[in-house]
1. Are there any pairs, at least 6 apart or on different chains, whose C-beta atoms fall under 7 Å, with the first in the stretch A:27-39 and within 8 Å of chain B (Cβ to nearest Cβ) and the second open to solvent by 20 Å² or more (accessible area, probe 1.4 Å), and if so, which?
2. Which count do you get for residues in the stretch B:122-174 that are within 12 Å of another protein chain (Cβ to nearest Cβ) and of a type in the set (Lys, Arg)?
3. Can you name every residue in the stretch B:155-194 that is open to solvent by less than 60 Å² (accessible area, probe 1.4 Å), in contact with a Leu (Cβ under 8 Å, 6 or more places away or on another chain) and in a helix (DSSP H, G or I)?
4. I'm told B:Leu12 meets every condition in (1) touching a Ser or Thr at 6+ places or on another chain (Cβ under 9 Å); (2) surrounded by fewer than 13 Cβ atoms within 10 Å (Cβ to Cβ); (3) within 14 Å of chain A (Cβ to nearest Cβ) except one. Can you identify the failing condition by its number?
5. Restricting attention to the stretch A:103-129, and to residues there that are of a type in the set (A, V, I, L, M, F, W, C) and away from chain B (no Cβ under 11 Å), which single residue is farthest from the chain's Cα centre (by Cα)?
6. Determine whether A:Ile119 is outside any helix (DSSP H, G or I), in contact (Cβ under 8 Å) with a residue 40 or more places away in the chain and not hydroxyl-bearing (Ser, Thr, Tyr).
7. Residues of the stretch A:205-232 being more than 30 Å from A:Asp160 (Cα to Cα) and of a type in the set (Gly, Ala, Ser), which ones?
8. Kindly indicate the residue of the stretch B:21-52 that is of a type in the set (A, V, I, L, M, F, W, C) and within 17 Å of B:Phe69 (Cβ to Cβ) and also farthest from the other protein chains (Cβ to nearest Cβ) among those meeting that condition.
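The values are calculated or read from the model by the stated rules, or taken from the named source; none is laboratory data. Remember, it's a predicted structure, so these values are computed and weren't measured experimentally. Neighbour counts are summed over all protein chains in view; Cβ atoms, including those assigned to glycine, are modelled from backbone coordinates with ideal geometry. These area figures cover heavy atoms from the full protein model, side chains too; ligands, DNA and RNA do not enter into them. Shrake-Rupley method; radii C 1.70, N 1.55, O 1.52, S 1.80 Å.
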Amino acid sequence: MSEETLQTSDSYSEPQQPWLLYLVLSLFLLVFGPTTVWLYQRWTMSVWQNGHGILVTLLVIYLLRGELKKTQDLARDSSPVGFLFLVPALLMHMLDTGMHSQILSAIALFLALPGLAFIFLGSARTKPLLFPLFSLFLTLPIPLVFTESIHFALRVIATDSVAWLLKLSNVPVYATGTTLQVEHGTLQVADACSGFSTLYAAITIAILTAYFCHSVTRRIVVLLIAAPLAIVVNIARVMLLILLVNWFGLDVLATSAHELSGLLTFMVALPIIFYIGRNPEQPQSAEN
Amino acid sequence: MFSTRYAIPVALLLTVTLVPSLIHNYFGLTVTDGKTTNRISNRLSDFESKPSSRNPEWGEVTFDCYDWFERIYKDKQGNSVRLFVGRSFDHKKLYHHPELALSYGNDLARAEKIDFSLPPEITVYLLRANGKRGMAAYALLYEDEFIANPILHQINNSLNLLVSPRKPLTLFYVSDDNEKSQALFAETTMAHILRQAIDDFTSSSNI
């Protein structure tokens with residue numbers, strides 16, 4: 001008897017108990033419900049912070065669905081390896097209920113998912129799901145203590161670059177630190193304008209795109225280009241805002257143009273990454 | 001597609017995890033010790049106080065405090081010290097760089113952690129301004145002990161909180177923008193106000 005037949009007969013002998021699945025799902029939702037709400041709030045707080053969270057999560061759901069379809073013919077299976085993920089995750093979550101850091105609980109949530117996949121879907125089905133599941137970690141809000149210096153470096157890069165570009169364009173400008181002074185106003189390149197959120201989103205999308213790209217060259221290019229692309233797009237955005245201020249005055253920053261310009265950085269950078277990282281077209285066979 | 005082979009142990013693990021989640025995330029169970037910041041006198045030694053200009057909601061929004069005040073204590077010579085005292089069940093909000101909220105805009109660097117020599121021993125976190133006058137200091141009180149290591153305290157406390165309600169942490173924060181940044185803390189007016197405020201607070205009776 002082949003191994004496959006053995007596995008199939010073993011799996012089919014397991015009694016169907018869908019109510020147990022519903023029980024586990026309900027308990028999981030109860031345990032991680034508040035964490036999910038917190039994550040959603042952080043993802044939707046503003047375009048300046050973790051705006052890519054929802055996009056990446058939807059992408060991960062799409063990828064998971066595709067991977068599960070590919071393995072739908074496999075027999076039902078389960079692997080106790082999942083407890084190696086699930087138990088530490090639940091301990092971490094329990095610890096966080098007292099600490100209220102939320103981030104620890106969010107890490108626990110993303111660590112628990114591969115654990116549940118191993119336990120309820122088995123190893124064969126879970127292995128192709130691991131990369132999409134672990135890429136969810138790239139949606140976590142990064143604590144300010146880790147990002148403060150990056151924010152500052154990005155602000156300085158944006159300020160110096162825009163000052164240089166303005167001088168090239170013969171627009172009078174005085175730059176000091178992270179402040180730009182033009183004829184109709186003085187602007188501070190604040191943390192929100194540092195472009196960090198675009199950088200974080202671009203790197204996340206680049207990693208996902210590279211993983212699903214079959215061309216090694218494209219993979220390398222997409223990973224190398226993500227960070228500089230995000231920085232350049234943000235410089236262009238700050239430049240545009242400065243020119244708008246120079247033409248129309250500081251009030252323009254109180255309009256939706258300010259926030260839309262933030263969205264625009266995602267709308268420019270992410271499609272470029274998708275385009276570069278797309279799978280090359282297969283050459284048609286001689287028969288066709 | 002889904003196997004239910006391990007569903008029962010998983011359900012049991014999730015049920016155990018749900019206990020602290022219910023206590024803290026859903027029911028938000030807390031217990032108070034009956035102490036209140038109101039016990040700290042408006043007059044400490046020769047210093048009379050008046051409330052600062054913060055909005056009434058500020059302490060709740062910033063530190064999740066259910067009981068707080070911020071007062072400016074002044075003596076006849078014009079020396080002035082700002083004192084914030086707040087109590088919150090969300091410990092991290094209180095101990096995680098309170099100077100960012102309470103001394104916003106001041107470039108303060110963590111200088112040292114010192115212990116007052118006289119009993120009760122108080123661990124004070126000292127912050128000194130960079131390149132100009134200004135000093136701030138704070139102490140954290142939980143139950144009847146001053147916290148020397150907030151992170152360790154938080155981890156230990158979290159383990160205790162698995163099946164018990166939260167207890168409040170109290171933050172005492174003093175600042176003086178005119179104090180020489182290199183002054184010896186124990187000899188400053190701030191230290192005097194901080195000590196007296198803590199004495200007032202800790203002497204308040206439990207209900």
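1. A:Leu27/B:Thr15; A:Pro34/B:Asn25
2. 2
3. Selection gives B:Ser158, B:Phe185, B:Ile193, B:Leu194.
4. (1)
5. Narrowing the stretch A:103-129 to residues of a type in the set (A, V, I, L, M, F, W, C): A:103-104, A:106-113, A:116-121, A:124, A:129.
Next cut, away from chain B (no Cβ under 11 Å) only: A:106-107, A:109-111, A:113, A:124, A:129.
On the way: A:Ala106: 14, A:Ile107: 14, A:Leu109: 16, A:Phe110: 13, A:Leu111: 16, A:Leu113: 17, A:Ala124: 26, A:Leu129: 16 Å.
Result: A:Ala124.
6. Numbers: outside any helix (DSSP H, G or I): no; in contact (Cβ under 8 Å) with a residue 40 or more places away in the chain: yes; not hydroxyl-bearing (Ser, Thr, Tyr): yes.
Spelling it out, it is not the case that A:Ile119 is outside any helix (DSSP H, G or I), in contact (Cβ under 8 Å) with a residue 40 or more places away in the chain and not hydroxyl-bearing (Ser, Thr, Tyr).
7. Residues of the stretch A:205-232 that are more than 30 Å from A:Asp160 (Cα to Cα), as a first pass: A:208-219.
Once the filter is applied, which keeps residues that are more than 30 Å from A:Asp160 (Cα to Cα) and of a type in the set (Gly, Ala, Ser), the stretch A:205-232 yields A:Ala210, A:Ser215.
8. Of the residues in the stretch B:21-52, the ones of a type in the set (A, V, I, L, M, F, W, C) are B:22-23, B:27, B:29, B:31, B:40, B:44, B:47.
Next, only the ones that are within 17 Å of B:Phe69 (Cβ to Cβ) stay: B:40, B:44, B:47.
Working: B:Ile40: 26, B:Leu44: 33, B:Phe47: 35 Å.
Restricting to residues being of a type in the set (A, V, I, L, M, F, W, C) and within 17 Å of B:Phe69 (Cβ to Cβ), the top hit is B:Phe47.
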